[in-house]
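The values are calculated or read from the model by the stated rules, or taken from the named source; none is laboratory data. A quick note: this is a predicted structure, and the numbers were derived from the prediction, not measured. Here Cβ is always computed from backbone atoms with ideal geometry, including for glycine, and neighbour counts include all displayed protein chains.
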Amino acid sequence: MSAPAIEVSGVTVRYGDVVALDGATLALAPGRICALLGTNGSGKSTLFKTVLGLVAAERGRVRIHGGTPEAARRSGTIGYVPQSEQVDWSFPVRVADVVMMGRYGHMGIGRSPRRADREAVARALERTGLSGLADRQIGALSGGQRKRAFVARGIAQGADVFLLDEPFAGVDKRSEATIVDVLRGMRDDGRTLLVSTHDLATVPRFCDEAVLLQRRVVAQGTPDEVLTPARLMEAFGMAPDPGPDPGAGRAPGRGGAGPDGRAAAEPEHAGHTAEARGGEGA
Ligand SMILES: Nc1ncnc2c1ncn2[C@@H]1O[C@H](COP(=O)(O)OP(=O)(O)OP(=O)(O)O)[C@@H](O)[C@H]1O
């Protein structure tokens, strides 16, 4: 049997006196979309950073397809779609430039794109429905398009495991549907996606499974198994209401996005590059 795409085993992370993760354990098989759910401060970002190898665990270990997070970053196996607030949208780059950043790991020191790089970028733009916007400044995209640009960057990079931080935050229903289509297509290609979201109503529509985090994993299973009224009341202090109310099914929280599918790939750039290169929602 193949190794899980993402395996987190008994991971504890502490920031000074704050225990952000307390023995968190989960395993995600390849070719699945998994929602990462939890209240503000439940450790979702810390889990992402640990899986990306940007934060060291005090205890436990993380494996990506059986290897270390550092190896996954080096090989470009892991892609990251950040929150919007982490990105400076005024940075003067075109959509195609953002996506080309995903190819940096494939280029030499001079970072001079070759035909294979340009073709990979064109394919990723097409895959995410952004071919017509390739020359547009990243800051001139809608929230949903920005998000897709960062998904495209990860695709161009050749990432197989994606961590997406609040991909639906600040995007309208149409963009949300487009992003869901893109994510499903990636899953159908065998890629693995861990998606943090406060939008509980969306989860059953596109996720194969869900994880409920409260510093440790308190539930993992199908959306139906995890999104029970009792669990949601316990975790969020609310019951889900997937009805037509615009606010329905949205857990208390926030959202966002960021750049460099490779941003995750370079810890020291995580804040900087993201801010410098921006990119968000569909
Ligand atoms: N750099 C840091 N230094 C100290 N404490 C931190 C740091 N980063 C996070 N924390 C704390 O660790 C806990 C988990 O934070 P984390 O950002 O992982 O939660 P989250 O689930 O992503 O929250 P949100 O939904 O608000 O984004 C919180 O109590 C937070 O205040």
Matching entry among Gln137, Gln145, Gln157 (being surrounded by fewer than 23 Cβ atoms within 10 Å (Cβ to Cβ) and either over 18 Å from Ala35 (Cβ atoms) or among the hydrophobic types (A, V, I, L, M, F, W, C) (or both)): Gln137
Asp97 vs. criteria more than 16 Å from the ligand (Cβ to nearest atom), in a helix (DSSP H, G or I), among the charged types (D, E, K, R) and in contact with a Lys or Arg (Cβ under 7 Å, 6 or more places away or on another chain): no
Among (1) more than 9 Å from the ligand (Cβ to nearest atom); (2) at pLDDT 95 or above - the single one Pro82 does not satisfy: (2)
Selection from the stretch 95-107 of residues that are surrounded by fewer than 21 Cβ atoms within 10 Å (Cβ to Cβ) and of a type outside the set (A, V, I, L, M, F, W, C): Asp97, Tyr104, Gly105, His106
Out of Val182, Val121, Val217, sole residue that is touching a residue at least 40 places away in the same chain (Cβ under 8 Å), buried (at least 18 other Cβ atoms within 10 Å of the Cβ), in contact with a helix residue (DSSP H, G or I) (Cβ under 7 Å, 6 or more places away or on another chain) and not aromatic (Phe, Trp, Tyr): Val182
Odd one out for Arg127, checked against (1) among the charged types (D, E, K, R); (2) more than 17 Å from Met186 (Cβ to Cβ); (3) in contact (Cβ under 8 Å) with a residue 40 or more places away in the chain: (2)
The stretch 18-41, subset assigned to a loop (DSSP other than H, G, I, E, B) and either at pLDDT 95 or above or more than 10 Å from the ligand (Cβ to nearest atom) (or both), residue surrounded by the most Cβ atoms within 10 Å (Cβ to Cβ): Arg32
Any pair with Cβ under 6 angstrom, 6 or more apart, that starts in the stretch 37-60 at a residue that is closer than 17 Å to Gly10 by Cα and ends at one that is within 6 Å of the ligand (Cβ to nearest atom): Gly43/Ala20; Lys44/Gly38; Thr46/Ala20
Unmet requirement for Leu200, which otherwise passes all of (1) surrounded by fewer than 22 Cβ atoms within 10 Å (Cβ to Cβ); (2) within 16 Å of the ligand (Cβ to nearest atom); (3) over 18 Å from Ala24 (Cβ atoms): (1)
Hits in the stretch 42-64 - residues which are assigned to a loop (DSSP other than H, G, I, E, B), more than 8 Å from the ligand (Cβ to nearest atom) and closer than 22 Å to Cys207 by Cβ: Leu52
Some residue of the stretch 67-76 being farther than 21 Å from Ala156 by Cβ, without any contact (Cβ under 8 Å) to a residue 24 or more places away in the chain and of a type in the set (D, E, K, R): yes
Which numbered condition Ala71 fails, given (1) out of contact with any helix residue (DSSP H, G or I) (no Cβ under 9 Å at 6 or more places or on another chain); (2) outside any strand (DSSP E or B); (3) within 16 Å of the ligand (Cβ to nearest atom); (4) of a type outside the set (D, E, K, R): (3)
Selection count, the stretch 52-94, where residues are surrounded by 19 or more Cβ atoms within 10 Å (Cβ to Cβ) and charged (D, E, K, R): 2
Given (1) touching a Leu at 6+ places or on another chain (Cβ under 9 Å); (2) in a strand (DSSP E or B), index of the condition Gly10 fails: (1)
